[in-house]
1. Sort SER24, SER122 so the one with the fewest other Cβ atoms within 10 Å of its own Cβ comes first.
2. List the chymotrypsin sites (Phe, Trp or Tyr not before Pro) within segment 42-80 that fall in a DSSP loop (any state other than H, G, I, E or B) and whose Cβ has at most 11 other Cβ atoms within 10 Å.
3. What's the FRET efficiency of GLU21 with GLU61 using the Cβ-Cβ distance as r and R₀ = 35 Å, to the nearest 0.05?
4. Checking the cross-link filter: which aspartates and glutamates have an alpha carbon closer than 13 Å to that of LYS34, excluding same-chain neighbours under 8 positions apart?
5. Going by alpha carbons, how many degrees (0 to 90, nearest 10) lie between the helix axis of 93-107 and the longest principal axis of the chain?
6. Is the shape of segment 1-119 rounded, prolate or oblate, going by the alpha carbon gyration tensor and its root eigenvalues a ≥ b ≥ c, with a/c under 1.5 for rounded and a/b larger than b/c for prolate?
7. Just in segment 11-106: which trypsin sites (Lys or Arg not before Pro) are loop by DSSP and have at most 13 other Cβ atoms within 10 Å?
8. Explain nothing, just the number: relative contact order of the chain, from Cα pairs under 8 Å at least 6 residues apart, as a whole percent.
Amino acid sequence: MASPPLDRLRALCLALPEATEKLSHGSPTWFVKKVFVMYVDDHHGDGITGFWCAAPPGVQEELVAEEPDRFFRPPYVGHRGWLGVRLDGEVDWAEIGEIVVDAYRCVAPKKLVAELESRRSSG
């Protein structure tokens with residue numbers, strides 16, 4: 001039996017250098033000095049299970065335009081380019097892993113991004 005989306009997302013986030021988890025606004029949230037991913041489940045009754053994350057410039061617009069059933073502009077942080085990702089349908093976990101890594105790269109200190117790149121190239 002597959003683990004719930006939160007467990008899989010948690011594993012992806014906590015595998016990154018110096019990432020930590022805390023509750024923020026009642027939701028599991030992952031930090032590396034700053035927030036890079038926040039889990040959401042029926043946020044204010046929207047019916048979505050997924051997460052909001054930092055994203056490189058232009059990625060939110062591109063993914064939302066290409067696949068609006070999977071990606072969305074999240075409230076509160078969407079205006080800053082953050083991406084909303086649904087986990088309540090078919091999920092490509094390899095793709096989710098890359099989205100999480102991109103979110104991490106957006107906010108992590110350069111030293112930790114270099115450590116991540118070193119791990120990825122030697123792994």
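Bear in mind that the values in this text are calculations on the coordinates, not laboratory data. Being a predicted model, the structure only gives us computed values, none of them experimental. As a convention, Cβ positions derive from the backbone with ideal geometry for all residues, glycine included, and neighbour counts pool all protein chains shown.
1. Values: SER24 13, SER122 6.
Ordered by Cβ neighbours within 10 Å, fewest first: SER122, SER24.
2. Numbers: sites: PHE51, TRP52, PHE71, PHE72, TYR76; in loops: TYR76.
Passing both the DSSP loop test and the Cβ count: TYR76.
3. Values: r = 29 Å, r/R0 = 0.82.
For GLU21 and GLU61, the calculated efficiency is 0.75.
4. List returned: GLU18, GLU21.
5. Taking Cα atoms only, the helix is inclined about 70 degrees.
6. On the way: a/c = 1.45, a/b = 1.27, b/c = 1.14.
Note, shape of segment 1-119 comes out rounded.
7. On the way: sites: LYS22, LYS33, LYS34, ARG70, ARG80, ARG86, ARG105; in loops: LYS33, ARG70.
Passing both the DSSP loop test and the Cβ count: LYS33.
8. Working: 174 pairs, mean separation 29.7, N = 123.
With pairs under 8 Å counted, the relative contact order is 24 percent.
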